[in-house]
Amino acid sequence: MDTFIAVIIIFGVLVAVHEWGHLYVAKKAGILCREFAIGFGPKIFSTKRNETVYTVRLLPLGGFVRMAGEDPEEIQIKPGYEIGLVFNANEQISKIIVNNKSKHPEAKIVSVERIDLEERLMIEAYTDDEEGIQTFPVNEKCDLIVDEKPEQIAPLNRQFRSKSPLKKALAIFAGPMMNFVLAFVALLFVGLVNGVPQYDNAAFGEFSDNSPAKEAGLEQGDEVNSIAGESVSDWDEMTAVIQEHPNEEINVEAVRDGERISTSVETYSRYDEMSEQEVGMIGVQAPTDHSFIQSVQYGGTQVYEVSKVIFDTLSLIITGEFSLDFVSGPVGIYNYTGEAASIGIFFLIQFAAMLSVNLGIVNLLPLPALDGGRLLFIGYEAIRGKPVDPQKEGLIHFFGFALLFLLMLVVTWNDINNFFL
């Protein structure tokens, strides 16, 4: 249950921050954002604030921000349609009732002759007053009500497709960018609260419970000169020597407050999965620094290092050395989250930061249905001078999404084989 809760929280935060990046920049660009969704499928929660409906959906497979003008409008009112009109105090149309007009006795029933809800914002229609065609102005925030479900109209200047390639690109890029920002902030928090490990010196930090080093009389801050007769100058050298002596008594020479001390420590062993052998331990951690500058450097460095590892892994696709074992789907992430949670909250936050960087990079890959694929179309539009036909682009993204979904199924099956079979 702890793992399940951790996965839900991490997933929710990562997706929400990603989609919030899209939402914030799109709104700043003047784009009408109809919906901000976490998950796909049926809605399990919905609330509207200002112009946007915020929803949580059943399937936790991602999220989206539905911007006006990304896809052709589904409801098209043609000449001859009979609709109901509701007016505001300024005699502008505030609601257009497409069907179920009987449920709106306050609506004025008209027969449409001409309608423009994008540029001129007007409706020309016949009424029962036998006065011929009348022209009615439409409020720019008018609701189009179909099957009792209102949706705000989108004038052309509020649509995604009307914006410059630069504004479109910024709105799309903002999502992955926020994942990098989130990872940096999370790692900065870990550095400030838990401290940044200092590996430059061979010194002792905090001791674990029942630490053999502590029982031998060693203290936090002791600077080690040699272990088991070997000189050491930094943390990596010191731990390498200790690991070579599992379940052995080793001599430790250190300096404390300018005085040299010497003692013997009985190591214990732990199985190391990377080396696939038992290694020695003495129950001590590296010293840490809680300063702001060190924490900022730590956050930036870790984001860079994780990004480098991900790109190195992706490069194996080109060399043909790539394996499905290098990636994980929902099952693998669930398993690794449980392992991270069992180690501690700070390690779990670091793991979440790594996932956030991963999400940002994967979304920037130039593949259909991903943000990188959409940026590719926007770049083509900037060079060509006009956008790709929305229906053709939508079809390409649809097939791209289908292939990505198939890949996720394959990766998930591979995870099940690795972890449970």
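The values are calculated or read from the model by the stated rules, or taken from the named source; none is laboratory data. All figures in this text were calculated on a predicted structure; none of them were measured in a lab. Surface areas here come from the heavy atoms of the whole protein model, side chains and all, with no ligands, DNA or RNA. Shrake-Rupley method; radii C 1.70, N 1.55, O 1.52, S 1.80 Å.
Some notes on this structure:
- Alpha carbon convex hull of segment 116-193, volume per residue in cubic angstrom: 155 Å³
- Calculated P(r) tail over 21 Å for segment 221-311, as whole % of Cα pairs: 48 percent
- Residue among LEU61, LEU218, LEU156 with the largest mean-square fluctuation in a Gaussian network model of the chain, springs linking Cα atoms under 10 Å: LEU218
- Per residue accessible area in Å² of the chain, where ligands, DNA and RNA are left out and the probe is 1.4 Å: 57 Å²
- For segment 286-421, Kirkwood radius (reciprocal of mean inverse C-alpha pair distance, Å): 17.7 Å
- Per-residue ellipticity at 222 nm computed for the chain from its helices equals -14000 deg cm²/dmol, with DSSP H segments shorter than 4 residues left out and the rest contributing -39,500 (n - 2.57).
- Two-decimal ratio, the chain, of alpha-carbon radius of gyration to 2.2 N^0.38 Å: 1.38
- For segment 155-303, radius of gyration divided by Kirkwood radius, i.e. Rg to Rh on alpha-carbons: 1.27
- Per the Debye calculation on segment 247-286 with a single equal scatterer at every Cα and no solvent contribution, log₁₀ I(q)/I(0) for q = 0.14, 0.21, 0.28 Å⁻¹ amounts to -0.43, -0.75, -0.97.
- With 31 Å as the limit on Cα-Cα distance, the pairs of LYS48/LYS108; LYS28/LYS101; LYS108/LYS168; LYS27/LYS103; LYS28/LYS103 that go past it are LYS28/LYS101; LYS108/LYS168; LYS27/LYS103; LYS28/LYS103.
- Rg [Å, one decimal], Dmax [Å, integer] - segment 259-305, C-alpha atoms: 16.7, 40
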